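The structure appears right after this line, and notes come after that.
The values are calculated or read from the model by the stated rules, or taken from the named source; none is laboratory data. As the structure is a prediction and not an experimental result, all values here were calculated from the model. Every residue, glycine as well, gets a Cβ built from its backbone with ideal geometry; the counts of neighbours run over all protein chains shown. Heads up: the accessible areas ignore ligands, DNA and RNA and are worked out on the full protein's heavy atoms, side chains in. Shrake-Rupley method; radii C 1.70, N 1.55, O 1.52, S 1.80 Å.
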Amino acid sequence: MTLDILAYAAFFLSMALTYAIICLGLNVQWGMTGLFNVGIAAFVAVGAYTSALLTTPPSPDRFGGFDLPIFVGWLGAAITSGLLSWAVGALTIRLRSDYLAIATFGIAVTVQLCMLNLQPITGGAFGIGFIPRPFAGLQENALLFSLANFGVMALVVLALYLGLEHLAKSPWGRVLRAIREDEMAAQALGKRPIRFRLQAFSLGGAIMGLAGAAQAHFIGFIAPDNYMPILTFQVWAMLIVGGSGNNRGAIAGAVLVWGLWALSAAAVSSFVPAEQQARAASLQIVAIGVGLCLMLLWRPRGLFGEVSPLTRLKSLRRAPSKE
Amino acid sequence: MNPQFIMDGLIAGAIIGLGAVGVTLTYSILRFSNFAHGELLSWGAYLALAVAGALGTLSAGLTKPIAPFSFGWALPLAAVIAIGLTGLLALAVDALLFSSFRRRGSAIIIMVMASFGASLALRSLLEFLFTSRPAYFTKALQIAMKLGGGLRATPDQLLMLGVTLVSVVTVHLLMTRTDIGRAMRAVSENPALASIAGIDVRRVIRTTWFLGAALACVAGIMSGLLIQIRPYIGHDLLLPLFAAAILGGIGSVPGAMLAGLIIGLCEALAVQAVGAEWRAAVSFVILIAVLLVRPRGLFGKAS
């Protein structure tokens, strides 16, 4: 019994960590750079489908199935999603800030259409199954299998976290922050805001693609239904709750919001009569929407907001004088 | 090729155009792209449905179809009430949400994000209240009339085109010939200067919300009468609305209407030439083309 609970906990946390990866990607775009992406689901989906096509065994009824190693699939996913974000960004970042939001919304609609209608590539509404899962050899032992998968996710999140923290402190990250805080001043110092923004947007998109691939291999099956607009909302709620601009906040927000979501979904399915469940589920979504607005109104920095370098400097200076 | 696509495109375009006029007004006066505008269309349609249902139970005579049309007097009466209610809904959302961001001088993108959250909440609330089962204003069947030139239309569809024409001309006259219209244009040019010149900016903002919501309600009712009412009608129209507002040029009422018609016609053409399953991609292609070739749109001012 305890082993079952442990296996479930590992499964739950692995799922939460795949969201944490998306959240980290969004944090590069929004938290570090201030770029608004309403099409997260599209970039995640593109990553998932790319990796699925690259790694599944050949299939007669659709294109591809190249049977490549999982690692190659993940890399391909990050590259494809990164390129897609680069294309969207190159088109809109030089224009007004909300044109990017509208364009990413359009991408989400279009990718959804492509998933459904490009049947020879994506398998249409039925999606793609039999995606190879890491450590498939361990599948007999449920506990070991979930723990191994959890380990992989934790490693990916840790590597991304350390890499992004390093990046934020690097000259590149400092330029991004400078542009976000005062574009004019950064320009006066000879930095080109558009180029840096585009790089950050592509990097964020690539991370989302990687997350999509990781999720697809973890579940083993993908379909257009997994990438509805609600995914975009969930990830935004995670980042806003956790605190934008802060990588630790992004991870914590993902685990917290995913936990609340899973818990309330379980409550709905056990306490609400079957014929009312669809309605109860829509109330769950109302709660996310209202929660997002309330966080924006009352606590725009989230639970763990970004600590601005200036306040950090002030507190450092103040500390020695207290002694 | 069957010329019927022109009629289908014009009617779809009229709905898109009416919604896009609201988007372009909020965009130019409140200065953010309102992702919750689609939900005003859905709420308008459902409010009209609820009011029409209530009127129908009060007096059965109201549901008897008026001669050539498929609906009774209950619907036009309900439409008038629903327009007011949708306007109040928009004002309430503004008072609860957007006004506090304006007071704080928040970044535009925060307002966009808040509108995104509001759209989610409003849409799912509709799903909760009315479930996601499609609803209909009327179950009556209508026979399309031959108009010559291979075109056919039902009396309902012709009425919709007429209502659209009247609404757009009214809004255009309001914007160009009245004091409040001049005030609205002044605020869209320069809010600070406008308020110094003695224009009541808050009144302008209220009028903008009400006007946008009223047009959205008309568009929502038309969309519901044409096909069916679902909580997602507004969400599915949002991309065409944005594409039309940008193609027409932000701030231009005739531009938004014309662009709506263009997008409607392109969609109808694509349905015949490519297939109905790609319809939703048409506005994305147009949006990308506009952003590449002429980001300020047909009648927009260069920034």
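Key figures for this structure:
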item: Selection status of residue A:245, surrounded by fewer than 20 Cβ atoms within 10 Å (Cβ to Cβ) and part of a loop (DSSP other than H, G, I, E, B); result: no
item: Subset of segment B:94-120 [of a type in the set (Gly, Ala, Ser), under 17 Å from residue B:212 (Cα atoms) and crowded, with 22+ Cβ neighbours inside 10 Å]; result: B:115, B:118, B:119
item: Some residue of segment B:101-110 being in contact with a Phe, Trp or Tyr (Cβ under 8 Å, 6 or more places away or on another chain) and of a type in the set (Phe, Trp, Tyr); result: no
item: Top-ranked residue of segment B:121-150 - restricted to ones that are of a type in the set (A, V, I, L, M) and at pLDDT 90 or above, ranked as nearest to residue A:301 (Cα to Cα); result: B:121
item: Residues that are of a type in the set (D, E, K, R) and either over 17 Å from residue B:251 (Cα atoms) or at pLDDT 95 or above (or both), drawn from segment B:178-199; result: B:179
item: Enumeration of residues in segment B:122-148 that are open to solvent by less than 60 Å² (accessible area, probe 1.4 Å) and charged (D, E, K, R); result: B:123, B:127
item: Flag if residue A:25 is closer than 24 Å to residue B:111 by Cβ and open to solvent by 10 Å² or more (accessible area, probe 1.4 Å); result: no
item: Yes/no for residue B:70 being within 14 Å of another protein chain (Cβ to nearest Cβ) and out of contact with any strand residue (DSSP E or B) (no Cβ under 7 Å at 6 or more places or on another chain); result: no
item: Complete set of residues in segment B:149-182 that are in contact with a strand residue (DSSP E or B) (Cβ under 9 Å, 6 or more places away or on another chain) and open to solvent by 70 Å² or more (accessible area, probe 1.4 Å); result: B:152
item: Residues of segment B:212-239 that turn out to be open to solvent by less than 10 Å² (accessible area, probe 1.4 Å) and either touching a strand residue (DSSP E or B) at 6+ places or on another chain (Cβ under 7 Å) or within 14 Å of another protein chain (Cβ to nearest Cβ) (or both), as a count; result: 5
item: Residue B:287, sole failed condition from (1) more than 12 Å from chain A (Cβ to nearest Cβ); (2) open to solvent by less than 10 Å² (accessible area, probe 1.4 Å); (3) at pLDDT below 95; result: (1)
item: Candidate set: segment A:192-210, residues that are surrounded by fewer than 22 Cβ atoms within 10 Å (Cβ to Cβ) and of a type in the set (Lys, Arg); chosen: the one farthest from the chain's Cα centre (by Cα); result: A:192
item: Residue in segment A:69-77 that is modelled with pLDDT of 95 or more, of a type outside the set (Asp, Glu), in a helix (DSSP H, G or I) and open to solvent by less than 10 Å² (accessible area, probe 1.4 Å) present; result: yes
item: Qualifying residues in segment A:216-240 (those that are surrounded by 24 or more Cβ atoms within 10 Å (Cβ to Cβ) and β-branched (Val, Ile, Thr)) - the one nearest to residue A:298 (Cα to Cα); result: A:240
item: Selected residue (only one of A:47, A:34 is closer than 19 Å to residue A:236 by Cα and open to solvent by 10 Å² or more (accessible area, probe 1.4 Å)); result: A:34
item: Selected residue (criterion: surrounded by the most Cβ atoms within 10 Å (Cβ to Cβ)) from residues of segment B:51-71 that are free of Cβ contacts under 8 Å to residues at least 40 places away in the same chain and among the small types (Gly, Ala, Ser); result: B:56
item: Unique match (being in a helix (DSSP H, G or I), open to solvent by less than 10 Å² (accessible area, probe 1.4 Å) and in contact (Cβ under 8 Å) with a residue 40 or more places away in the chain) among A:252, A:213; result: A:213
item: Boolean, residue B:132 is facing another protein chain (nearest Cβ under 9 Å), outside any helix (DSSP H, G or I), among the polar types (S, T, N, Q) and closer than 30 Å to residue A:234 by Cβ; result: yes
item: Any hit, segment B:65-84, residues being under 23 Å from residue B:251 (Cα atoms) and at pLDDT 95 or above; result: yes
item: Cβ-Cβ under 7 Å pairs, at least 6 apart or on other chains, segment A:221-236 side closer than 14 Å to residue A:109 by Cα, far side at pLDDT below 90; result: A:224/A:125; A:224/A:127; A:230/A:285
item: Leading residue by the ranking (nearest to the other protein chains (Cβ to nearest Cβ)) among those in segment A:83-127 that are touching a Lys or Arg at 6+ places or on another chain (Cβ under 8 Å) and more than 16 Å from residue A:43 (Cβ to Cβ); result: A:119
item: Number of the exception - residue A:63 against (1) farther than 30 Å from residue A:256 by Cβ; (2) of a type in the set (A, V, I, L, M, F, W, C); (3) out of contact with any Phe, Trp or Tyr (no Cβ under 8 Å at 6 or more places or on another chain); (4) in a helix (DSSP H, G or I); result: (4)
item: Any hit, segment A:258-269, residues being over 11 Å from the mean Cα position of the chain (by Cα), within 22 Å of residue A:81 (Cα to Cα) and of a type outside the set (Gly, Ala, Ser); result: no
item: Some residue of segment B:291-301 being closer than 20 Å to residue B:163 by Cβ and among the aliphatic types (A, V, I, L, M); result: no
item: Wholly within segment B:194-303, helices (runs of 4 or more DSSP H) carrying at least 3 residues that are farther than 19 Å from residue A:102 by Cβ; result: B:201-226, B:253-273
item: In segment A:255-276, the residues that are within 14 Å of another protein chain (Cβ to nearest Cβ), in contact with a helix residue (DSSP H, G or I) (Cβ under 6 Å, 6 or more places away or on another chain) and assigned to a helix (DSSP H, G or I); result: A:257, A:264, A:268
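Rundown of residues vs (1) closer than 21 Å to residue A:212 by Cα; (2) free of Cβ contacts under 8 Å to residues at least 40 places away in the same chain, yes/no style:
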residue	(1), (2)
A:88	yes, no
A:95	no, yes
A:114	yes, yes
A:128	yes, no
A:138	no, yes
A:147	yes, no
A:156	yes, no
